[in-house]
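Since the structure comes first, as structure tokens, the remarks are kept for the end.
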């Protein structure tokens, strides 16, 4: 079974909107065990959409079209599919009522334009999952099928995951379960991880139990995704559990979380478990660590706040640091201790360094000190980050939070 | 003249990498006056790449292929184009030397694999612009042409802007100059801007002098792009100048910058002109404003730093605020004054509010106070932002910086 993706919208060709929908659908198809060999972007032009759909149906078993289901004159995906099927559009009274009800629920009248969204090519049916006002379509063409879903990402994702993928899997006779689990790591490069896991990847190639893929994700860390197939959810979960344990044993404590965990959420959870509060002292990052921490809802129980000591005088006057080099071990230790004291926090995390592009205080760009103070204990670590300004700042954030994560785990601050 | 884009790489189909290259090329083609009707992603499979290229050459005048020019066995764009041309690959001694010299310049030996990159389909030529180790290709097919450029974005962009686009424009007989200018705005919605500019857009439709497009860009603001064509750079610049002046007159002071200006860079420039220093007091944003300000290299001359007063006690103990509601006018005024005093800054900018998802202190999510203190004067503004947590925080940032921008301009703080 293979399935093409067709993204419809002139704004995609003009680069006004980046087509992330096709990428997401491609990933989901792969995870579902369905091949996708071609993905095409085409503008809001009837003749060209029809040509793309005809070609897609020649070379693939199924097509997912994304976009062009809105209520305006530009939205012609329905018309194009009807032309490919050689049928006319008919208005479905049940869909009219469903759309009217959605507007009603928000206290609004349905505009006349939206009646277009209740039209279906004869022989097509509306998908049972409809998160917004646009219904999705299931359109049989001979023994093949065209699905049409809206371009609004959250509506598209709901329809594809809950309806289109299960139907495609059923068509393909894929009865088993495919599931994946993502281990979030920080501390080893992609090539180093691949080296450490080389024997295990070979073993999996031989046994076919599972596959491993690496996804570098900037300051979100490096993701290791395990994918396994099996007859039922229980057996797949068991394979994933066993494989996760094996990988953790091989790569050690660089794994900081699983699936939706982030470095921030993991650190906040660890702080909560120990009822410890956190204060920050940030120089080169300018508030980036605090911004990430506070992106997590409910962080206020353990996050006190921070001092953005960008200017030297703030380090001295607000944090009470000594008059030493701004990028030095002594400075970062004093900043971390100052964060505890000034913010009334149990733990102080501090960073100071040179983000670049120019050297500062006689230090090269990428020279960064991380400091951690907790009670009587203060420690400092020196980093050399060979990146541009933005990545130096981002990698400083995750590296500092990772140091805190390790200490919270090691010795129960 | 129309030109298709073909992005080559299995990782694109699998969604491991989002294809932003095609979007960028599509935008550049549009700006250069060249139509692009189809953009296709295809994996690293010879037969399928050949099929996609043949089809593209049937329906378009030119093709830009992106990706698959690296030194590994997966990189088969050269082979696919040779198959489409019906010729063999030949090694170009001059290219071998050029690639060897690039490695040499970095003190490295050229690996044997990279010899593949010196191969060209017979009849093709290497592009004169070569920013990395991969040469780009110009491959004539009958009276049409296939360009192949690397998938590495900066290499691709150099080759496309400096070589491919000028050649395509020449082929198309487009002799004039096309240029665009982007006005960066904050303060009016897209529909409101469109309403205010409605008559002007109609006028431009009639005269054909220029076109206007809107690009919503989240907390980067709403962009208004003016595009004009003319015989030479001078006359196009004159049209853009005149149109910019007309739009500024119609929309007023929501225009905060032009082209690469950002709200942060504009505010920093204005502070510099007045030799005024800035201190921040951030609650719901947790450091996001400081992170943005400090993303700009060289900000340290006017940016002192900030207090991230996430916890109530930090507001009281560090900023010296009174014991009033955390989300209140009195609190935000005291925070702004505290930022000046504690950080030794001329201007204090403060934000406090409810990012959500839950209410806080009896206030609904999206309730945000912005405070600005400068010398004796302190002012406060109340916002109601109907967004999710992340966008509420982001829009708080740009709205607070925009208030500061207006005051710096109005009355020379």
Handout entry: Residue selected from the stretch A:127-141 under the condition assigned to a loop (DSSP other than H, G, I, E, B) and in contact (Cβ under 8 Å) with a residue 40 or more places away in the chain, by the criterion surrounded by the fewest Cβ atoms within 10 Å (Cβ to Cβ)
Key = A:133
Handout entry: Some residue of the stretch B:341-359 being touching a residue at least 24 places away in the same chain (Cβ under 8 Å), over 24 Å from residue A:340 (Cα atoms) and more than 35 Å from the chain's Cα centre (by Cα)
Key = no
Completion exercise
Apart from one, (1) free of Cβ contacts under 8 Å to residues at least 40 places away in the same chain; (2) more than 22 Å from the chain's Cα centre (by Cα); (3) assigned to a strand (DSSP E or B) all hold for residue A:212; the odd one out is (2)
Problem - Test: residue in the stretch B:255-271 that is within 14 Å of another protein chain (Cβ to nearest Cβ) and more than 21 Å from the chain's Cα centre (by Cα) - result: yes
Exercise for the section: Kindly indicate the residue of the stretch B:4-36 that is touching a helix residue (DSSP H, G or I) at 6+ places or on another chain (Cβ under 6 Å) and assigned to a loop (DSSP other than H, G, I, E, B) and also nearest to the other protein chains (Cβ to nearest Cβ) among those meeting that condition. Expected result: B:15
Handout entry: In the stretch A:205-219, the residues that are in contact with a strand residue (DSSP E or B) (Cβ under 6 Å, 6 or more places away or on another chain), surrounded by 15 or more Cβ atoms within 10 Å (Cβ to Cβ) and over 15 Å from residue A:27 (Cα atoms)
Key = A:210
Completion exercise
Scanning the stretch A:327-360 for residues that are surrounded by fewer than 23 Cβ atoms within 10 Å (Cβ to Cβ) and touching a helix residue (DSSP H, G or I) at 6+ places or on another chain (Cβ under 9 Å) gives A:344, A:346, A:356, A:357, A:360
Handout entry: residue A:75 being more than 10 Å from chain B (Cβ to nearest Cβ), in a loop (DSSP other than H, G, I, E, B) and free of Cβ contacts under 8 Å to residues at least 60 places away in the same chain
Key = yes
Handout entry: Whichever residue in the stretch B:382-402 is outside any helix (DSSP H, G or I) and touching a strand residue (DSSP E or B) at 6+ places or on another chain (Cβ under 8 Å) and, among such residues, is surrounded by the fewest Cβ atoms within 10 Å (Cβ to Cβ)
Key = B:384
Exercise for the section: Count, please, the residues in the stretch A:48-68 that happen to be in contact with a strand residue (DSSP E or B) (Cβ under 9 Å, 6 or more places away or on another chain), more than 9 Å from chain B (Cβ to nearest Cβ) and in a helix (DSSP H, G or I). Expected result: 4
Exercise for the section: Would you check if there is a residue in the stretch B:51-64 being under 30 Å from residue A:223 (Cβ atoms) and touching a helix residue (DSSP H, G or I) at 6+ places or on another chain (Cβ under 6 Å)? Expected result: no
Completion exercise
All conditions in (1) surrounded by fewer than 18 Cβ atoms within 10 Å (Cβ to Cβ); (2) at pLDDT 95 or above; (3) under 20 Å from the mean Cα position of the chain (by Cα) are true of residue B:246 except (3)
Problem - Qualifying residue in the stretch A:40-47 (condition: surrounded by fewer than 21 Cβ atoms within 10 Å (Cβ to Cβ) and part of a helix (DSSP H, G or I)) - result: yes
Practice task
Could you tell me whether the stretch B:222-231 includes any residue that is at pLDDT below 95, more than 25 Å from the chain's Cα centre (by Cα) and farther than 29 Å from residue A:11 by Cβ?
Solution key: yes
Problem - Of all residues making up the stretch B:310-336, the number that are more than 11 Å from chain A (Cβ to nearest Cβ), under 17 Å from residue A:314 (Cβ atoms) and under 37 Å from the mean Cα position of the chain (by Cα) - result: 2
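The values are calculated or read from the model by the stated rules, or taken from the named source; none is laboratory data. As the structure is a prediction and not an experimental result, all values here were calculated from the model. A quick note on method: Cβ atoms are made from the backbone with ideal geometry, for glycine too, and the neighbour counts reach across all protein chains shown.
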